[in-house]
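Taking it in order: structure first as structure tokens, then the write-up.
The values are calculated or read from the model by the stated rules, or taken from the named source; none is laboratory data. Please read these numbers as outputs of a predicted model, since none were measured by experiment. Positions of Cβ are backbone-derived with ideal geometry, glycine not excepted, and every protein chain shown enters the neighbour counts. We work out accessible area using only protein heavy atoms, side chains counted, and drop any ligands, DNA or RNA first. Shrake-Rupley method; radii C 1.70, N 1.55, O 1.52, S 1.80 Å.
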Amino acid sequence: MSGAMKPENKRSDYLRQVLRRETHSARSGAAIVAAILVAAGALYCLLEMTLGATGQDPWLLHPLDAAQRAAGLPGATPTPLLGAAGVLLALLGLIFLCNGLLPGRRARHIIVHPRVAIVVDDEVVASALAKRARMAAGVTREQVMVTVSARTVQVNIRPTSGRRLSEEHIKSAVEDELAAMALEPTPTVQIKLAESGVIGV
């Protein structure tokens with residue numbers, strides 16, 4: 001039937017969803033916190049308005065009184081206190097804004113495979129690339145440090161004193177290892193050789 005989705009397409013969509021979930025952090029935590037804050041504020045306002053409508057004293061502060069005080073700021077309020085409150089509110093707003101706009105990518109990469117979903121941590125990728133770079137440079141494990149991000153692999157090497165290293169040779173070896181991994185997205189390789197070397201054993 002033309003209107004029915006083929007099993008291959010269903011599987012592909014399912015794998016895509018799984019990979020998306022495994023490589024990106026969920027927004028449920030921030031959404032739950034925001035919902036709790038909004039609900040708590042609404043319940044508090046409802047409570048104070050109910051107390052005011054029944055002629056009772058406010059529990060903490062009536063919303064209308066709070067609005068009047070906010071309109072009268074700074075008034076007698078100490079400037080450092082207002083500054084700290086402003087910074088706190090701005091930081092809270094920035095956190096929620098970043099959670100809403102940024103992709104929230106986890107430190108993981110996808111290994112391209114036609115039939116299964118494979119996700120690997122960036123630490124595992126960095127370890128494998130560090131081993132390949134170490135072999136290409138002929139140095140010890142302590143002389144190589146590799147950091148892997150979404151788009152970049154940074155290889156930092158401290159050469160052994162008295163030995164010249166070929167940056168292009170090391171970069172080619174690391175790129176060959178990346179090509180064998182078939183990562184998605186494929187990061188670019190950057191090699192940085194330290195100016196000062198270490199004394200060989």
Counted residues, the range 132-165 - those being over 30 Å from the mean Cα position of the chain (by Cα) and crowded, with 16+ Cβ neighbours inside 10 Å: 6
Quick check on my filter: what residues within the range 89-127 are closer than 16 Å to residue 33 by Cα and exposed (fewer than 12 other Cβ atoms within 10 Å of the Cβ)? 89, 91, 93, 94, 97, 98
In this structure, is residue 51 open to solvent by 60 Å² or more (accessible area, probe 1.4 Å), hydrophobic (A, V, I, L, M, F, W, C), at pLDDT 80 or above and assigned to a helix (DSSP H, G or I)? no
Filtered residue count, the range 145-168, keeping only those that are within 13 Å of residue 194 (Cα to Cα), without any contact (Cβ under 8 Å) to a residue 40 or more places away in the chain and hydroxyl-bearing (Ser, Thr, Tyr): 2
For a quick check of your reading of the model, give me the residue pairs whose first member lies in the range 115-144 and is within 25 Å of residue 161 (Cα to Cα), whose second is assigned to a loop (DSSP other than H, G, I, E, B), with beta-carbon atoms closer than 6 Å and at least 6 apart or on different chains. 137/165; 143/158
Taking residue 58 as meeting all but one of (1) in a helix (DSSP H, G or I); (2) at pLDDT 80 or above; (3) open to solvent by less than 70 Å² (accessible area, probe 1.4 Å), write down the number of the exception. (1)
When you check residue 178 against the structure, is it touching a helix residue (DSSP H, G or I) at 6+ places or on another chain (Cβ under 6 Å) and at pLDDT 85 or above, yes or no? no
Under the condition of being in contact with a strand residue (DSSP E or B) (Cβ under 6 Å, 6 or more places away or on another chain) and of a type outside the set (Val, Ile, Thr), which residue from the range 166-180 is surrounded by the most Cβ atoms within 10 Å (Cβ to Cβ)? 171
